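A.B. asks: Take this structure first; my questions come after.
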Amino acid sequence: MSVSENLGQILHEIGDAKLVCVTKTVDSERINEAIRAGAFIIGENRIQEYEEKYENILPCEKHFIGHLQKNKVRQAVYHFDLIQSVDSIKVAEEIDKRAKDIDKVQHVLLQINIGEESQKFGFLLNELVKTLKDIRFLENIMVDGFMCIPPYVPPEQARPYFTKMKTLFDDIKREYSSGKHGNIDMKELSMGMSGDYMVAIEEGATMVRIGSAIFGDRK
């Protein structure tokens, strides 16, 4: 099937959830094919790769979804509408600083290490309360919600992690729903990729990140 056919099928399957087309290693011509076929959001993993092709990409919403190093924050803030992978308070502070430099409020998601895996980035659950309290004082960041990457297991085995993530999301959303925390607005839960996106949606994902199911396996 073509990119447009794959995209159409996925858009039909996911209903109201937002689709982030993951464009790691995908050239601008094929990205544009997806945009013309109805893709509104692309997600890039690497700053350098994106900078090599962004001038040829049609207008769309752009998300950064890879691990963000502090020395790449300035470029990320300049290029991306949403940074989905904020995984430490130091990175959040650097984003706030760089966003202030260009008079921008940078929208972000906090990456949660829901499986508490030592090899993965993200906030641990026992860090989250303090993290949110610290982020409240950053004036050039807007926290739109959470992102997670569960352990690499078959879709049904990932379901408990998605369920746990949705419970966490709902708990924090209730806690911060009073309007007293101006830069925390819990509205997006980004979870689910090509192999497990339907399970993630069933468990409450508002946003899924899909690459190979649209563009084919990466070379």
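Read-outs throughout are calculated quantities, based only on the coordinates presented, and are distinct from any laboratory measurement. Please read all numbers here as calculations on a predicted model, not as lab measurements. Ideal geometry is used to build each Cβ from the backbone, glycine not excepted, and the neighbour counts take in all protein chains shown.
A.B. asks: I'd like to know if region 121-140 contains one or more residues that are touching a residue at least 40 places away in the same chain (Cβ under 8 Å) and under 30 Å from residue 8 (Cβ atoms).
C.D. replies: no
A.B. asks: Moving on. Looking only at region 90-113, decide whether some residue is under 19 Å from residue 69 (Cβ atoms), among the small types (Gly, Ala, Ser) and assigned to a loop (DSSP other than H, G, I, E, B).
C.D. replies: The answer is no; no qualifying residue exists.
A.B. asks: Still on this structure, I have one more. Could you count how many residues in region 175-219 are of a type outside the set (A, V, I, L, M, F, W, C) and part of a loop (DSSP other than H, G, I, E, B)?
C.D. replies: Result for region 175-219: 20.
A.B. asks: So, one more: Kindly evaluate residue 103 against the criterion of being under 21 Å from residue 216 (Cα atoms), of a type in the set (Asp, Glu) and over 17 Å from the mean Cα position of the chain (by Cα).
C.D. replies: no
A.B. asks: Within region 41-79, track down each residue that is over 19 Å from residue 191 (Cβ atoms) and assigned to a loop (DSSP other than H, G, I, E, B).
C.D. replies: 46, 52, 53, 57, 58, 59, 60, 69
A.B. asks: Here are some conditions: (1) part of a helix (DSSP H, G or I); (2) surrounded by fewer than 15 Cβ atoms within 10 Å (Cβ to Cβ). Residue 172 meets all but one. Which one does it not meet?
C.D. replies: Condition not satisfied by residue 172: (2).
A.B. asks: Now for a separate question. Would you say residue 96 is of a type in the set (D, E, K, R) and either free of Cβ contacts under 8 Å to residues at least 24 places away in the same chain or surrounded by 19 or more Cβ atoms within 10 Å (Cβ to Cβ) (or both)?
C.D. replies: Taking the combined requirement at face value, the residue satisfies it.
A.B. asks: When you check residue 79 against the structure, is it surrounded by fewer than 19 Cβ atoms within 10 Å (Cβ to Cβ), within 23 Å of residue 209 (Cα to Cα) and touching a residue at least 40 places away in the same chain (Cβ under 8 Å), yes or no?
C.D. replies: Criteria not met by residue 79.
A.B. asks: Could you list, in sequence order, the residues of region 20-41 that are out of contact with any helix residue (DSSP H, G or I) (no Cβ under 6 Å at 6 or more places or on another chain) and within 20 Å of residue 86 (Cα to Cα)?
C.D. replies: Answer for region 20-41, where residues must be out of contact with any helix residue (DSSP H, G or I) (no Cβ under 6 Å at 6 or more places or on another chain) and within 20 Å of residue 86 (Cα to Cα): 20, 22, 24, 41.
A.B. asks: While we're here: Residue 92: in contact with a strand residue (DSSP E or B) (Cβ under 8 Å, 6 or more places away or on another chain), more than 20 Å from residue 190 (Cα to Cα) and not β-branched (Val, Ile, Thr), yes or no?
C.D. replies: For residue 92, the condition - in contact with a strand residue (DSSP E or B) (Cβ under 8 Å, 6 or more places away or on another chain), more than 20 Å from residue 190 (Cα to Cα) and not β-branched (Val, Ile, Thr) - is not met.
A.B. asks: Within region 200-211, take every residue that is touching a residue at least 60 places away in the same chain (Cβ under 8 Å) and surrounded by fewer than 21 Cβ atoms within 10 Å (Cβ to Cβ) and give me the one that is nearest to residue 2 (Cα to Cα).
C.D. replies: Among them, the one singled out is 201.
A.B. asks: Still on this structure: Give just the number: which of (1) touching a residue at least 40 places away in the same chain (Cβ under 8 Å); (2) surrounded by 13 or more Cβ atoms within 10 Å (Cβ to Cβ); (3) of a type outside the set (Asp, Glu) does residue 187 not satisfy?
C.D. replies: All conditions pass for residue 187, except number (2).
A.B. asks: Continuing with this model, one more query. When region 5-38 is examined, which residues are found to be part of a loop (DSSP other than H, G, I, E, B), in contact with a Leu (Cβ under 6 Å, 6 or more places away or on another chain) and crowded, with 19+ Cβ neighbours inside 10 Å?
C.D. replies: Across region 5-38, there are no qualifying residues.
A.B. asks: Name the single residue, out of those in region 39-60 being of a type in the set (S, T, N, Q) and within 14 Å of residue 76 (Cβ to Cβ), that is surrounded by the fewest Cβ atoms within 10 Å (Cβ to Cβ).
C.D. replies: The extreme case among them is 48.
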